[in-house]
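> I have a structure I would like to understand better, so I am pasting it below and will then ask my questions one at a time.
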Amino acid sequence: MKKSIFTFALALVLTSGIATASEAHPSLSNSSEYPVEKLAALNLNSLCKAIIAGNYDMVTQLIQMGEDINQKSLGKTPAMYAARYNKADILSLLIEKGADLSVKSDQEKQTAEEFAVNSNAKETIEVLKKAGRK
């Protein structure tokens with residue numbers, strides 16, 4: 001019951017604005033802004049959708065509700081989405097909560113760091129460098 005209410009709330013949040021994303025799904029171009037309705041329609045798990053949308057509070061709530069921070073969606077972990085879309089604050093949270101940064105994506109065979117570098121996601125590259133120094 002709690003999960004269905006939360007999923008409904010997430011759908012409302014995701015459809016109430018615009019998010020920027022580029023390769024969350026093959027049908028999306030690299031540099032387009034597109035309606036969140038399109039993001040909501042993707043076959044991504046809720047955690048990865050919230051990450052792409054940059055919704056730190058929703059990511060925090062999903063983690064508190066027990067979402068697996070290493071669960072792949074469309075072959076990528078949440079950390080890969082955060083790194084790819086330059087969501088440094090969210091990536092820091094995922095690392096703090098124990099995200100496994102050594103995992104490779106199913107299709108590209110890349111780590112979160114490789115996604116950040118290939119996307120020129122400077123803020124997440126810095127977060128990953130700091131994480132590697134600990």
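The values are calculated or read from the model by the stated rules, or taken from the named source; none is laboratory data. In this text, all values refer to a predicted model and were calculated from it rather than measured experimentally. Protein only, heavy atoms only, side chains kept; ligands, DNA and RNA dropped before computing areas. Shrake-Rupley method; radii C 1.70, N 1.55, O 1.52, S 1.80 Å.
> Kindly identify region 48-97 as rounded, prolate or oblate by the Cα gyration tensor criterion: order the square roots of the eigenvalues as a ≥ b ≥ c, call it rounded if a/c is under 1.5, otherwise compare a/b with b/c, prolate if a/b is larger, else oblate. Mind dumping the intermediate values first?
Numbers: a/c = 1.38, a/b = 1.08, b/c = 1.27.
Here region 48-97 falls in the rounded category.
> What does the extension gain come out to for Asp57 and Glu108, with contour length at 0.36 nm per residue minus their alpha carbon separation? Before the final figure, lay out the partial values.
Values: separation 51, 0.36 × 51 = 18.36 nm, distance 2.91 nm.
Taking 0.36 nm per residue and subtracting the Cα distance, the gain is 15.4 nm.
> How many angstrom separate the Cα center of region 51-77 from the Cα center of region 102-134?
17 Å
> If you roll a 1.4 Å probe over the heavy atoms of the protein chains, what accessible area per residue do you get for region 44-130, in Å²?
On the way: 4030 Å² over 87 residues.
Dividing the accessible area of region 44-130 by its residue count gives 46 Å².
> A further question follows. May I ask you to give the percent of accessible area on region 44-130 that is carbon plus sulfur, with a probe radius of 1.4 Å? Before the final figure, lay out each step's value.
Values: 1690 of 4030 Å².
It is 42 percent, rounded to a whole number.
> Also: Please report, in Å, the Rg and the Dmax of region 61-134, where both are computed over Cα atoms only.
Answer for region 61-134, Rg first and Dmax second: 11.2, 32 Å.
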